[in-house]
Amino acid sequence: MQNLPLIQIDESKCTLCYACVRSCPTKAITTLSNSDKIVINHDRCISCGNCYISCGPKAISYQKSYDKLAKHLNSNKKSIAIVDPSIASEFPDILDYRNFVGMIRALGFDFVNEISFGADLVAIKYKELLDNFKGKYFITTSCPPVYEYIEKFQPNIIDSLAGIDSHMTATAKVMREIHGKTPVIVAITPCLAHKKEILRNKDLINEVIGFEELRTMFNNNNVYENSVEFSEFDQPIGFKGSLFPISEGILDAAGIDCSVSDSNIITREGPENFKKNISDFAICNEIKQNLNLYFCNGCIMGPCSSHRSSYLTNRSLQTNFYKKRVKLIDQKELQKNIDKFINLDFSRSFIVNDQRISPPAKDKIEKVLKLLGKETHD
Ligand code: SF4
Ligand code: SF4
């Protein structure tokens, strides 16, 4: 993964429909001049996965981790799967989540943990940040394309990023605290950008696989729901962190006021207004609220999931999963675990990586206008 770019185009499948060019929020995809070839400028890419989703002929793919994962699982190191709570909307076909946990163990993992526990810890950090208001407003940093876009295209507001770990990273830090440096940690998520996020802290998470890859692994290894016994997630078990895949879920988990009248944070999601929301936050002095922002319509609609046909269905599956699980939570055990890990360092920093393109000089514009026979601006 480190050597090859995350997103690739197979020229032989490309029909030059330009859907990817139109869908890319950062203009990272272009055509070469005098050529019919589509190319990606990887420096400008924020790993949102929009091009992958929009390519009808499936000419665009992302780098898969099957070989690396097989190597890890065949090594003599212990292995830990940390699983995003959006499994609920990805695997509605698996009726009991305990079968799902059993299936992951059947692939060879020694431990199967919930990323929702890290989400619970991160939620507490957001509550502290918002409660400790000192006049400055923040943008949440759970969604990698959000902070990568700001690092590359709005570096002037980089200090507005909240500086709190993603729920995936927070969970991995808890795992390292429990199990030490040696075990292999593999995150299973719907987020393509998580594959890039792990490169920022190479000692923490060894591999990220998307839900689509997990499905393929189940099929290739003949692991089915009815071929495994029920199995519970390993401790520490998560609580309201199960709601994180819905964009407002972070606020619910943190006990942050979401009411229209009193809340000091606005949730926005989806690729359509993604850039506009960021630029408004950057330039509008009238905005006196924090911004809880996501590129996708919540992680339930992440690009590495195979069930993106109905937002409402996914959202409903996610809340039902939470409601089912919450009845099983041992609150005393939960609090004990939160007390044990809440003082780990979940802070993070961001680095300006300016990829903005300066507008062309006036004389160049005039030259082009002249070539087009438009020498006047009317
Ligand atoms: S992943 Fe997103 S940013 Fe990167 S090339 Fe595709 S559409 Fe553009
Ligand atoms: S969306 Fe796919 S087929 Fe269309 S131009 Fe892009 S890579 Fe080619």
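The values are calculated or read from the model by the stated rules, or taken from the named source; none is laboratory data. Remember, it's a predicted structure, so these values are computed and weren't measured experimentally. FYI the Cβ positions are ideal-geometry reconstructions off the backbone, even for glycines, and counts take in every protein chain you see. Surface accessibility is based on the protein's heavy atoms, side chains included, excluding ligands, DNA and RNA. Shrake-Rupley method; radii C 1.70, N 1.55, O 1.52, S 1.80 Å.
Structure notes:
- Residues located in segment 111-129, provided they are surrounded by fewer than 20 Cβ atoms within 10 Å (Cβ to Cβ) and within 18 Å of Asn290 (Cα to Cα): Ile124, Lys125, Lys127, Glu128, Leu129
- All conditions but one from (1) closer than 26 Å to Ile246 by Cα; (2) touching a helix residue (DSSP H, G or I) at 6+ places or on another chain (Cβ under 9 Å); (3) open to solvent by 50 Å² or more (accessible area, probe 1.4 Å) apply to Asn132; the one that does not is (2).
- In segment 16-73, residue nearest to Gly302 (Cα to Cα) [restricted to those that are part of a helix (DSSP H, G or I), of a type in the set (A, V, I, L, M, F, W, C) and more than 13 Å from ligand 2 (Cβ to nearest atom)]: Leu69
- Asn74 out of contact with any Phe, Trp or Tyr (no Cβ under 9 Å at 6 or more places or on another chain) and either among the charged types (D, E, K, R) or more than 28 Å from Cys14 (Cβ to Cβ) (or both): yes
- Among (1) of a type in the set (Ser, Thr, Tyr); (2) farther than 23 Å from Cys299 by Cα; (3) open to solvent by 30 Å² or more (accessible area, probe 1.4 Å), the one test that Ser231 misses: (3)
- Restricting attention to segment 144-186 and to residues that are of a type in the set (Val, Ile, Thr) and over 20 Å from Ser116 (Cα atoms), the residue that is farthest from ligand 2 (Cβ to nearest atom) turns out to be Thr182.
- Segment 40-96 - residue that is of a type in the set (Val, Ile, Thr) and near ligand 1 (Cβ under 10 Å from one of its atoms) and, of those, surrounded by the most Cβ atoms within 10 Å (Cβ to Cβ): Ile46
- Exactly one residue out of Asn113, Asn76, Asn41 is outside the structural domain of Cys20 (by TED's automatic domain parsing) and free of Cβ contacts under 8 Å to residues at least 24 places away in the same chain: that is Asn76.
- Test: Leu251 is open to solvent by 20 Å² or more (accessible area, probe 1.4 Å) and not in a loop (DSSP other than H, G, I, E, B): no
- The helices (runs of 4 or more DSSP H) falling completely within segment 274-378 that include 1 or more residues that are in contact (Cβ under 8 Å) with a residue 60 or more places away in the chain and in contact with a strand residue (DSSP E or B) (Cβ under 7 Å, 6 or more places away or on another chain) map to 274-283.
- Verdict on Ser259 being among the small types (Gly, Ala, Ser), open to solvent by 50 Å² or more (accessible area, probe 1.4 Å), not in a helix (DSSP H, G or I) and not assigned by TED's automatic domain parsing to the domain that holds Ile40: no
- The set of residues from segment 281-307 being over 24 Å from Tyr62 (Cβ atoms) and open to solvent by 40 Å² or more (accessible area, probe 1.4 Å) comprises Ile283, Cys284, Asn285, Glu286, Ile287, Lys288, Gln289.
Every residue, every condition in (1) in the same structural domain as Gly163 (by TED's automatic domain parsing); (2) touching a Lys or Arg at 6+ places or on another chain (Cβ under 9 Å), yes or no:
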site: Ile300; (1), (2): yes, yes
site: Ser305; (1), (2): yes, no
site: Ser309; (1), (2): yes, no
site: Ser316; (1), (2): yes, no
site: Lys336; (1), (2): yes, no
site: Asn353; (1), (2): no, yes
site: Lys362; (1), (2): no, no
site: Lys374; (1), (2): no, no
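- Residues (surrounded by fewer than 12 Cβ atoms within 10 Å (Cβ to Cβ) and under 24 Å from the mean Cα position of the chain (by Cα)) located in segment 323-342: Lys323
- Of Ser61, Ser47, Ser33, all but one fail to be of a type in the set (Ser, Thr, Tyr), in contact (Cβ under 8 Å) with a residue 40 or more places away in the chain and over 20 Å from Tyr294 (Cα atoms); the exception is Ser61.
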